[in-house]
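Structure first, then comments.
The values are calculated or read from the model by the stated rules, or taken from the named source; none is laboratory data. Owing to the predicted nature of the structure, the values given are computational and were not obtained by experimental measurement. When we count neighbours, we look across all protein chains shown, and the Cβ atoms used for this are built from the backbone with ideal geometry, even at glycine. Only protein heavy atoms, including side chains, enter the accessible area calculation; ligands, DNA and RNA are left aside. Shrake-Rupley method; radii C 1.70, N 1.55, O 1.52, S 1.80 Å.
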Amino acid sequence: MGKPAGRRILVAVVAVLAVAASVAVVLRVLAPAEVETVARGAYPAAPTPPVGVIGRLPVAPLVVDGRLRVYAGTRQVYADQPVSGKHRVTPFWSYRRWPARLVGVLAEGTTVVSRWSDGKLVALDARTGRVAWRAVGPEPGAVPKPRRTYAATVWDPAGLHVTRAADGRAVLVAAGPDAIGGYELADGRRLWRAEVAGDCRADVGTTAAGELVGVDSCAGPATVELRDAATGAVRTRWRPPDAPEQLVVTPVGCRDGHSACRGLRTSGRGDDTGRGWLVPGEGEPVAAPALDGPDAELDGEHAVSAAGGVVTGRSARTGAELWRRADLGAVRILAVEPGRVYLLTEGRDLITLDPATGAERSRFVLDIGRDGVGWQPGRAHAADGYVAVERLREGARADDDDQGYFLMAESVLLART
């Protein structure tokens, strides 16, 4: 009798230990976690690669400080270097969270801010990959699933913007469907929080004058709301003359994504024209006819448009023509950054012009190896003299899956101008 009883006790103990081990494994796998893999090497120097196409990448790079390329994944933000590398290589640093999903990334100087599906904001030091600060932000609500390049995540992060206050401080703004918050970029300290009604308002970006731009239709016709990004106080409420009931506001002249923008374009839903405005920082926006129409872009005080085979530079404030180029053929504006406007020809030449004078700074074919030029451009991004562009299949449509949408696995070209 003693031996069977002993065996039963032993079996029971083994079973309990097995269950406990399984529970420990489940907890270890399913519990919320973060993995911070910091840089082992020194922060790289800024290279000076020759003008032309540098390489091709499978995901969209965010060029940071002219030295790193930062990328997004489902639950990861990571960087590689050098910025002039031909291909993506082993990460210089990496940061992962689980089970939250990464929904947005932006960079200001050497600070890389990541936004997550649970509302958390995590800032990383680009020089080391170490976490600089964490903050609790508004939950972002539903964010469309990004395509495999994650271009929308790093080049146009939904509800995540940066600007500078009147005293020069960098301020981060995170907007969700139910709340908005302002944060010190330097340390993550929350400056303010405002509860909002998500079903009748939307935030579209920040201005170079330190304001958050929103469209509010909660108490009447849709109105543009300019809110002080450092305090949360509404500075101005403005409705454009003869504005349609369904007002659409698009920031223009932005330094990065929809951050630090100098102008706006207002239109009705489904309207392809639109009216241009400058945002002065005090009072209501000022009409800027040189920005009317979807083919006009803004760099500081200079508006550049491309239509009918002619590229024109005008004063954004007065509309006076400053220069005209009719020798470039049919082109489209691919991207703009301070001091540079990038044009893409039908033959896939990338032309860089000075927005103030129209002078050509560089020109080369956006091609590498034997890829060819049989593609159409998707999203594009420019920073620090680098341009990255998605290559889509000719005839690609928005409802195509990624296989039918992108030209190839390494669909992003990176070039130096």
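Taking the numbered list (1) in contact with an Asp or Glu (Cβ under 6 Å, 6 or more places away or on another chain); (2) surrounded by fewer than 18 Cβ atoms within 10 Å (Cβ to Cβ) in turn, Arg397 passes all entries but (1). Restricting attention to region 366-394, report how many residues are open to solvent by 30 Å² or more (accessible area, probe 1.4 Å), touching a residue at least 60 places away in the same chain (Cβ under 8 Å), within 17 Å of Leu334 (Cα to Cα) and more than 18 Å from the chain's Cα centre (by Cα). Matching residues across region 366-394 total 1. Just one residue in the set Glu245, Glu284, Glu321 is over 30 Å from Val64 (Cα atoms) and in contact with a Phe, Trp or Tyr (Cβ under 7 Å, 6 or more places away or on another chain); that residue is Glu284. Arg148 falls short of the stated requirement of being out of contact with any Pro (no Cβ under 9 Å at 6 or more places or on another chain) and at pLDDT 95 or above. Taken as a whole, the structure leaves Asp80 outside the set of residues that are among the acidic types (Asp, Glu) and open to solvent by 10 Å² or more (accessible area, probe 1.4 Å). Across region 229-253, the number of residues qualifying as touching a residue at least 60 places away in the same chain (Cβ under 8 Å) and not in a loop (DSSP other than H, G, I, E, B) comes to 0. The single condition among (1) in contact with a Gly (Cβ under 8 Å, 6 or more places away or on another chain); (2) part of a loop (DSSP other than H, G, I, E, B); (3) farther than 30 Å from Leu407 by Cβ that Ala174 does not satisfy is (2). Applying the condition of being farther than 10 Å from Gly263 by Cα and assigned to a strand (DSSP E or B) to region 276-302 and asking which residue is most open to solvent (accessible area, probe 1.4 Å) yields His302. Contact map, region 122-144: residues that are more than 14 Å from Leu172 (Cβ to Cβ) and open to solvent by 40 Å² or more (accessible area, probe 1.4 Å) paired with residues that are aromatic (Phe, Trp, Tyr) and assigned to a loop (DSSP other than H, G, I, E, B), Cβ distance under 7 Å, separation 6+ or inter-chain. Pairs shown: Arg127/Tyr43.
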